[in-house]
Structure formats: structure tokens, C-alpha cells
Amino acid sequence: MNVSTQNRRDFLKKSAIVTIAPGVLLYSVSQAHHAERPVTSTTRWGMLIDTNKCVDDCTACLNACTEEHGLTEDVPAEVKPVWIRKVTLRDRQTGKESSLPVMCQHCENPPCVDVCPTGASFKRDDGIVLVDRHICIGCRYCMMACPYKARSFVHAVLENQKPHSPRGKGTVESCNFCVYRIDTGTGPACVEACEVEGHQAMIYGDMNDPDSEISKKLKEMSSSVLRPDLKLNQGIRYQGL
Amino acid sequence: MKNVTFCVIEGKSFAFYGGIIISVFFILLGLFAAYNMEHHGHVITGMNNQVVWGMPHVFAIFLILAASGVLNVASISSVFRKIFYHPLARLSALLAITLLLGGLSVLVLDLGRPDRLVVAMTSYNFKSIFAWNIILYNGFLLVCAVYLWFMMQRSMQRYYPTAGLIAFTWRLILTTGTGSIFGFLVAREAYQTAIMAPLFIALSLSLGLAIFLLVLLIDCWETKCSLGEGILSRPKKLLGILIAGVFYFVLVYHLTHLYFTGRHGIEYFLLAGGGVYTVLFWGGYMFLGTILPLLLLYHERFTRSKSSIATAAMMTLIGGFALLYIIIIGGQAYPLDIFPGKEVISSSFMDNIAVHSYIPTIWEIMLGISGIAIAAFLTVVAVRILPFMPRSLADTDVDDTFKG
């Protein structure tokens, strides 16, 4: 009798696992950002950088980017690829100083995409500007066109590449918003590093989603973009600049 | 108008073989440089992430502009029906092809991935002026080849003026496209102006004519072909007008910038405080490339000598090269204004540097010179194989109405 009760209990447990688990799994899969889910313009990825929170001598975001994308080649500074840089500015009129990271601004109307002869520079529907390294011929016209000097050319032989972020000698590259992380539901490495440091100067999210943190903050506080006169409607916004 | 006869050059002289050997030597050097740039990467050049286009681009654009401009002589003959230029039309169209091939070779070999030339030819972004230029350059080669064919084959000569008109229009569009490569760049203060297109057209005409005059003088010296004073005096006067034309556009370009308060920085940089770029502007472009050739071409004391014409043509080329260096390299050496109204105190990517440095390396110069060598080699071989050169260029052989 005892044996049969235990058996019935086991049976019910197993049945529950078999029945509920796939449901839970399917639900979590459906909720996760998935690489195979089509990228659409209903999403516009963006980043808000609070220059008041960005600490002058902190380079956590730079280090995270270097580590994440394997930008470690040993070459002179002038030819070293830089996807994100730290800049300290002083307002000429007021003398106010601000520290901020500068990277590809993921423009809505990117000049680099306009000028690329082969279409290797392109913008995804969700606003992330990328380089298709399979058709980049290395002409560097996009570097001439970028108003933010956000692109680098790979000048030397590459070693120890990261499989998730492939690069190519003789092609142009820039911040890709850690697109493979975005597609799998995690944010850009720089944002994560800033958070780990406890500064929380960078937040990212869908600017088209009114309930996202970034949208709420952008609505609440005034922010600015670099070179607004160019009317490029960048995805990177700065607060306190 | 007399019926001009054309001939191939004999090709037995020391100058012929010397020319072949020297050009092959420089072509091999250029290929060696390209191999090294491909193998090690552009790290061996002076180009970097601040100055992304360097000496190869100056050479390439110089040759491309000259290619477009050198066709001017043929255009004057077929479009504007000036019989004095008729015997020179074949050489003019030939040089247009060879110079363009030289320039494009440099441009392609400088690419980060020259092996992807097929991609550049098959995958187009039609919003890019660069993509349009690829089409325009390839089309120009085709148009010039057809133009030459119609010129040289008697049965096709009735189509020759039409082909001439198409080639003339095509090259104006081509040079507009080349100038617009810079004119369409919104962020760089030295560029982003529509005047780049007419400036490049004027520059192409002066460079092209200067090269044509030099090639003509060298060729006639080598083949002992008689060269009349009349046939030289017209292009000589035209060269002077074109040099003045380039100066006009350069003047308007700078005056426009000087008018805009926001661009005083770039003007000060180019005209007064830019070091090598300022020296190149005043010494290279203004003195050697404009004042000196105008003096040689128009001053009564020099005006009749062939050597002064040759010197003036050479100075025009040096001045044009200097101007392109200032535009292409100087325009990048002057930093981008990414943070208007702010002073950059520190940056991990050289945003706080007053002038970005660029020192060309020997590899770039080798690659650039190989473009000239390719053009020279192809020209010499072509005039040896096909009748491009008129048998005589004595004034009375070209135009029996000539009165000296």
C-alpha cells in the first residue's frame, strides 16, 4: 500500500514536470530576445549617458569594450582601434567640466552608411549601425564621413580574436552596441561595467518603448546629442553636457 | 584642313628602352609596396585612424584628375572643332585611358582589402558618391576606348563628333563626382562645400593639359618629330587661362571660409599656422604652381622657348599636387569639431591634439609613383604598337592656312 502511494506520488511529480516544464521553457524562450527573432523598426536601441555620474578617471567602460571585443593588438597609439573613448571637456563660457565616453553614435541618418560604396556600412532596423566585414573593401570613406571619429581601421594582423565578435584586418570597425548581447537579452559590455563599478552613468534600452527606463528618463530630463546641427538623430544621448 | 598622317614610334632608341625599363622598375616597386601593405597591414604606412587617407590618395586623385583633363585636347578638336588640335586628339584620348588606369591602380592597391575588387564592382550603394565614381571611372575607360576607335577607324569617323561630345560630358560628370567625394562630407570643415566640384574640374583641366604638353614635348624630342610654334602656342595660352581658373576657385573657396566665423580656424590653419600645409600652399601651390608658370607662359622673355613651356607645365603639376596634398591631408590633419563650444582637456583618442600628424612612409610613395609608372608604361607601349602620333606637327603640316 505504502509502495503504491509512493509510486502514485512519483507518478504525479513526474507528470507535473513533464507537463509544466516545456511550458515554462517555451515561455522563457518566447520572452527572451532571440537571435532568430526578426529585427524590426518597432525597436530603437539607444543609450543615455549621464555625464554628472561619469567619473573622470574611471575607464571601466573602455576596459570592458577592449576585453569584450579583443581589441588588444600591440600597435602604435595612432593606429590602435578605439571603439569607445573617454573625453573630458570644459565649457568655454562657463568653465564647467564634464567627463564622458564617446563611441559610435548609432545615428538614425548615419553619414557612414550614406557614403559606403558597397553597402558594408549599414543600419539595422532597430537602429544599430554595423559594418558587414564580408563586403567592406577597406576604402575608409566612412571614417572620412563620420562626424564623431567613431570608426577605426584595422591596420595590423589580428590575433586572439573573440569568436562572438569577429574582426578583419584591412576593414573598418566601430562600436556595434554589443549586438550579439542585445540579441540574446543582455546589454552592452560598457553599460554592464559601468553598473558593476557602481556609477550607473550609462543606461541602454528601447527608445521606442514608452515604458523602458531610457524612454522615461529621456522624457523626464533634458538630454543632448553631439553636433545636433547635423540633424542625425543619434541613438546615444548625453545628460548634463 | 590637311589630312594628317599618323605613325607608330620606331621604338629603337635609348630613350624608348630607358622609359620602358624605368617604368617597369617603378611598377615593380609599387607592387612590392602593395604586397607589404597587404601582408603586414597599413601599419607600415603613415596613415592612421586620424589621417585615414594619405599619399596614395593624393597620387591617385592627381592621376584621375589629370586623366579627365587630358581629354580636353581631344574635346577641343572634336567638340569645339578646332583643327589645330585634331592631330593631337588620339594621344589625348590615349593618355586619358592610361592616366586613369594608373590612378585607379593606386587607389585599388591601397584598399584594406584589394582582393575584394569584385565586391566593389558588383555591390553598389547608390547613395554613395564613391559608388557612382566607380561606375563613372569604368564608364570613362569604355567611352574613351570607343572614342579612340571612332577616331582611328575611317569607316567610323562619322560618329566621332558624337563620341567626342559624350566623352566631354562624361568627363565633366566624372570630375564633378571626384570633387564631390570631398564636397559631400558633412562633418569636415575643409570640405563640405559645393565648390569642390568646379575646383576639381578646373584643376583637372590644368593638370591634364600640363601633362599633355610635357608628353608631347618629350615625344617629339624622342622621335625628332617637327613641332611648330603655332601648335604649341595655343595650348600654352590655354594652360595659362586654366591655371588662372584654378586660382579663381581656390580664391573663392578661401574667401567663403573666411566669411564664415566658424571656419576661421581651418583658414588660419591652412593659410598661416599649419606648418607644412601652409608652406605647401604659399610655396608649392601659389608660387611654384601658379605665379611661376603664369610668368613663364606670359612674360615676353620666356614665352617663345619650349623649355619654358615644359618648365611651366612641370610647375603646374607640382602646384596641383601640392594643392591636392593640402586639401586631402590638410583637411584631415585639422581636427574635427566634435564638441562645439567645449575645450577638450583630455581624450584617450587624440581629440585634444591641435593637428593630427601624418608622415608618409616610403611604401606609400612607392605605391603612388607606380601609378605614374603604369600610365607611362602603357602610353609608351601603346604609341609603339598603334599609330597615335602624328608624323609631323610642323604648323604648315597641321593647318595650311597657318601664317605664323
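Coordinate-derived values only; no laboratory data. Everything quoted here is computed from the prediction, not taken from an experiment. As a convention, Cβ positions derive from the backbone with ideal geometry for all residues, glycine included, and neighbour counts pool all protein chains shown.
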Average projection area in nm² (convex hull over Cα atoms of the protein assembly as shown, one quarter of hull surface): 37.8 nm²
Check: the protein assembly as shown dipole with +1 on Lys, Arg Cβ and -1 on Asp, Glu Cβ, in debye: 1600 debye
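Grab the DSSP H runs of chain B that are 4 residues or longer, score each as -39,500 (n - 2.57), total them, divide by all residues and round the 222 nm result to the nearest 500 deg cm²/dmol.
Numbers: 15 runs with 249 residues, N = 404.
One gets -20500 deg cm²/dmol as the mean residue ellipticity at 222 nm.
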Residue-wise HN-Hα coupling along segment A:86-98, computed from phi with Karplus coefficients 6.51, -1.76, 1.60 (Hz; x: Gly, Pro): 9, 10, 10, 10, 10, 5, 5, 8, 9, x, 5, 9, 9
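Could you tally the net charge around B:Met389, taking each other residue with its Cβ under 12 Å from the Cβ of B:Met389, Lys/Arg +1 and Asp/Glu -1? Working shown, then result.
On the way: positive: B:Arg90, B:Lys224, B:Arg384, B:Arg391; negative: B:Glu10, B:Asp219, B:Glu222.
Residues near B:Met389 contribute +1 overall.
If you take each beta carbon of peptide A:130-139 and count the beta carbons of other chains within 10 angstrom, what is the mean? Numbers along the way, then the final one.
On the way: counts 0, 0, 1, 1, 4, 7, 5, 13, 9, 13.
Mean shielding by partner chains, rounded to a whole number: 5.
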Per residue, the convex hull volume that the Cα atoms of chain A enclose (Å³): 188 Å³
Residues with amide H under 5 Å from that of B:Ser346, placed H, sequence gap 5 or more: A:Thr88
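So, by mean Cβ neighbours within 10 angstrom, what's the order for B:273-281, B:316-324, B:21-29, A:43-51 with the highest one leading? Mind showing how you got there, number by number?
Details: B:273-281: 17.8, B:316-324: 24.2, B:21-29: 15.8, A:43-51: 22.2.
The packing order, highest mean first, is B:316-324, A:43-51, B:273-281, B:21-29.
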Residue-averaged beta-carbon neighbours from other chains (10 angstrom radius) around A:82-91: 6
Most positive-pole-ward Cα, B:Trp363, B:Thr316, B:Phe287, against dipole of chain B from beta carbon charges: B:Thr316
Estimated vicinal HN-Hα couplings, Hz - segment A:74-85 in sequence order (Karplus 6.51, -1.76, 1.60; Gly, Pro = x): 8, 9, x, 4, 5, 10, 6, x, 10, 8, 9, 9
Length added when fully stretched, B:Lys237-B:Ala15, from 0.36 nm per residue minus Cα-Cα: 77.0 nm
Neighbour net charge for B:Ile338 - beta-carbon separation under 15 angstrom, K R +1, D E -1: +3
Inter-part distance where segment A:202-223 and segment B:330-388 are each reduced to a Cα centre, Å: 43 Å
Cβ-placed point charges (K, R +1; D, E -1), dipole of chain B about Cα centre in debye, nearest 20: 1120 debye
Under the span-like rule (Cα at least 30 Å along the axis, Kyte-Doolittle mean at least 0.0), DSSP H helices of chain B: B:14-40, B:89-110, B:129-152, B:160-183, B:196-223, B:229-259, B:362-385
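For segment A:45-239, what is the relative contact order in percent, using Cα pairs closer than 8 Å and at least 6 residues apart in sequence? It would help to have the intermediate numbers written out before the result.
Details: 362 pairs, mean separation 60.1, N = 195.
The normalised contact order for segment A:45-239 reaches 31 percent.
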Whole-Å distance, taken between Cα centres, linking segment A:88-111 and segment A:158-199: 21 Å
Cα centroid of segment B:24-50 to Cα centroid of segment B:254-276, whole Å: 33 Å
Calculated [θ] (222 nm, deg cm²/dmol) that DSSP helices of n ≥ 4 give over chain A, each run adding -39,500 (n - 2.57): -8500 deg cm²/dmol
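For segment B:129-199, take the alpha-carbon Rg, divide it by the Kirkwood Rh, and send me Rg/Rh.
Here Rg/Rh amounts to 1.16.
So what is Rg over Rh here for segment B:204-310, counting just Cα atoms and using Kirkwood for Rh?
Values: Rg = 17.2 Å, Rh = 15.6 Å.
On the Cα set of segment B:204-310, Rg over Rh gives 1.10.
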Other-chain or far-sequence residues with amide H under 5 Å of A:Asn208's (modelled H): A:Arg44
Neighbour net charge for B:Pro293 - beta-carbon separation under 14 angstrom, K R +1, D E -1: +2
Volume of the Cα convex hull of segment B:177-245, divided per residue and given in Å³: 89 Å³
For segment B:329-379, the fraction of alpha-carbon pairs in successive 10 Å shells from zero, as %: 20, 31, 21, 17, 9, 2
